[in-house]
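Right, one structure below, let's go through it.
Readers should treat all values here as calculations from the given coordinates under stated rules, not as data from a laboratory. Worth saying up front: this structure is predicted, and the values here are computed from it rather than measured. FYI the Cβ positions are ideal-geometry reconstructions off the backbone, even for glycines, and counts take in every protein chain you see.
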Amino acid sequence: LMGLVHCALTETPVVIITPDTQVFTGERVTMRCDIKGGVDPKWTYSWNKNNNVQQHGRAQEFSIDSVTHTDSGTYTCTGRSGSRFSQTSAPVTLSVS
């Protein structure tokens with residue numbers, strides 16, 4: 001008999017927002033999803049705002065060129081490399097004034 005082995009990863013991404021989590025309308029905001037641990041696999045990233053997917057792909061960064069009030073919210077990221085998944089990052093709240 002052969003069984004399937006599923007290996008879950010415990011890497012937890014960290015979201016870094018520049019320039020800050022509190023910004024003004026019209027500013028450019030860049031969020032970076034850093035996943036630590038293991039060899040650098042070819043991660044695919046999913047960016048979520050208020051639990052809705054905003055961007056999915058190879059881009060480690062998610063940028064908003066000119067933020068508006070509607071960009072305010074809670075952002076998270078997750079990573080996937082083949083059958084390997086990261087945990088979901090801790091939520092980061094972006095506030096636009």
task = Compute the length gained on full extension between Gln54 and Thr18: take 0.36 nm times their separation in residues and subtract their Cα-Cα distance, giving the result in nm to one decimal.
result = 11.2 nm
Chymotrypsin sites (Phe, Trp or Tyr not before Pro) restricted to DSSP loop in segment 19-87 with at most 13 other C-beta within 10 Å = Phe24
request  = Could you compute the FRET efficiency for Thr30 and Phe85, with r as their C-beta to C-beta distance and R0 at 30 Å, rounded to 0.05?
outcome  = 0.80
query = Which parts of segment 65-97 would a label at Lys42 reach, counting a residue when its backbone N lies under 15 Å from a point 7 Å out along Cα-to-Cβ?
reply = 80-84
